[in-house]
Amino acid sequence: MSYRDRFSIVGQLTDCHLYEGDGTRPIKEENVRVLYTNRRVQFPDELGLWRREIEDEEARKQAAGEPYRWNNPRFAVESLVVSRTHTREEPQVTLSLIDADYYDFLTTSLNLGRTLKNGSTLRKQYLEDADPLDAPPWMFCSLGVNVEVETGKDSRMLFSHRSAKVAGPNASRWNSSANEGLAANHDLPASGEISLHQVAHRALREELAVQTSDNVDLELLGFGLDLLNNQWSVFFRAVLGDLGEEDLRARWSHGIEDKWEHDRYAFTPSDPESVLSFIHETPMWAPCAPALFYLALVRGAVRARNDDPAARLVVEEAERRVLDRHRHGDA
């Protein structure tokens, strides 16, 4: 039984469930609350043993001088509540987090198909035989902030290809322009007030060398759930007002903080037909990346028509043209 529908694009069904957002309006920063509780996620005893296996193996690799996954403090998603403001009915989100770490995430993400003592698996028990949103917090030890980038100078959309050196299920796949996992050592200030928008700016800086002093028009578009890997994804759109493709490539040649995380980039014109054609013709996508780019196209079309939500139909029409062209073998 399928408890959550999957996002489809240009005739292809993805493993992403679009939980909130349709691209027609952003979620304002003041309408996002992140509630953090200093309480550690707790595994059942059986999974605690799995976690120790991972910790021991990574320690062995490090001691042997082999590539290894280092641990860092992260968060588990306890709940994600979506509502509307009282008067204008604008989207409002409350995200509740508790403490976890990267090895906690690996414990579930690497073992979704591993047989439990009861004969079931985590995937079957929590993702297939029940609503994934009802899974316990230890099933959600990762929250990814994904940013779609458009250049304002020459109207190009950026796609990033994750390096094979990156740990996790999305290695060697096309993904969002930039993405970062929410991490306590970077994103939990002394005040305790976590900002998803600041995490998005960090992703732009660390992965694309886009600085906070650059002209960045940043909007939060929604939230998705990767049903294949059981990960929450936050969707942002960023328009770089003063930068073009050549500017970015020149900047990257001078160095990026996390340059190793991507091994190539692709740019297309940012009009819906060009973007959707690229997505249709390019294999191997991270599950939620196509949904992010689609929402960004809708948002761009809506803003181009003075925030008319009906402009989302411009993207639907472009999608039909792309599909028709490929069906008739003219692409």
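The values are calculated or read from the model by the stated rules, or taken from the named source; none is laboratory data. The model shown is predicted, which means the values in this text are computed figures rather than measured ones. Glycine also receives a Cβ, built like all others from the backbone with ideal geometry; neighbour counts cover every protein chain displayed. Side chains included, ligands, DNA and RNA excluded: accessible areas come from the protein's heavy atoms. Shrake-Rupley method; radii C 1.70, N 1.55, O 1.52, S 1.80 Å.
Each residue, Glu29 and Tyr3, gets one label point 7 Å from its Cα in the Cβ direction; the gap between the two is 3.5 nm.
In this simple spin-label model, placing a label point 7 Å from the Cα along the Cα-to-Cβ direction at both Met284 and Glu66 gives a separation of 2.3 nm.
Distance distribution P(r), the range 1-92, all Cα-Cα pairs, bin width 10 angstrom from 0: 11, 23, 27, 25, 12, 2, 0 percent.
Computed from Cα atoms, the angle from the helix 196-208 axis to the main principal axis of the chain rounds to 80 degrees.
Label sites at Ser191 and Asn306, each approximated as a point 7 angstrom past Cα along Cα to Cβ, lie 3.7 nm apart. Helix 45-63 axis versus longest C-alpha principal axis of the chain: approximately 80°, rounded to the nearest ten. The loop-placed chymotrypsin sites (Phe, Trp or Tyr not before Pro) in the range 1-50, going by DSSP, that have at most 14 neighbouring Cβ atoms within 10 Å of their Cβ come out as Tyr3.
Computed over the chain, the per-residue total of -39500 (n - 2.57) for DSSP H runs of n ≥ 4 gives a 222 nm mean residue ellipticity of -9000 deg cm²/dmol, rounded to 500.
In this Cβ point-charge picture (+1 for Lys and Arg, -1 for Asp and Glu), the range 127-276 has a dipole of about 500 debye about its Cα centre. With +1 on the Cβ of every Lys and Arg and -1 on the Cβ of every Asp and Glu, and nothing else charged, how large is the dipole of the range 14-78 about its Cα centre, in debye rounded to the nearest 20? Value, rounded to 20: 280 debye.
Hey, of (i) 29; (ii) 23; (iii) 33, which did the structure itself give for percent of Cα pairs over 34 Å apart when calculated? Only one listed value fits the structure, namely (ii). Look at the alpha carbon pairs under 8 Å that are at least 6 residues apart: their mean separation over the length of the range 31-117 gives a relative contact order of 41 percent. Here the relative contact order of the range 198-331, from alpha carbon pairs under 8 Å that lie six or more residues apart, stands at 21 percent. Once the Cβ-Cβ distance of Glu46 and Thr85 is raised to the sixth power relative to R0 = 41 Å, the FRET efficiency obtained is 0.45. Which net charge results when you count Lys and Arg as +1 and Asp and Glu as -1 among the other residues whose beta-carbon is under 10 Å from that of Glu90? Summing Lys/Arg as +1 and Asp/Glu as -1 gives +2. Per-residue Karplus couplings for the range 182-192, computed as 6.51 cos²θ - 1.76 cosθ + 1.60 with θ equal to phi - 60°, are listed in order as 4, 10, 5, 5, 9, 10, 10, x, 4, 6, x Hz, Gly and Pro entered as x. Note on Arg39 and Asp258: with the Förster distance fixed at 45 Å, the Cβ-Cβ geometry gives a FRET efficiency of about 0.90. Report, in degrees rounded to the nearest 10, the 0 to 90 angle that the Cα long axis of helix 272-281 makes with the longest principal axis of the chain. Once rounded, one gets 50 degrees.
Looking at the chain alone, DSSP beta bridges between its own residues are antiparallel in about 75 percent of cases. Per residue, the chain exposes 46 Å² of solvent-accessible protein surface, assessed with a 1.4 angstrom probe and all protein chains in place. Taking the chain as a Gaussian network of alpha-carbon nodes connected by springs under 10 Å, the highest mean-square fluctuation of the residues Ile98, Ile279, Ile256 belongs to Ile256.
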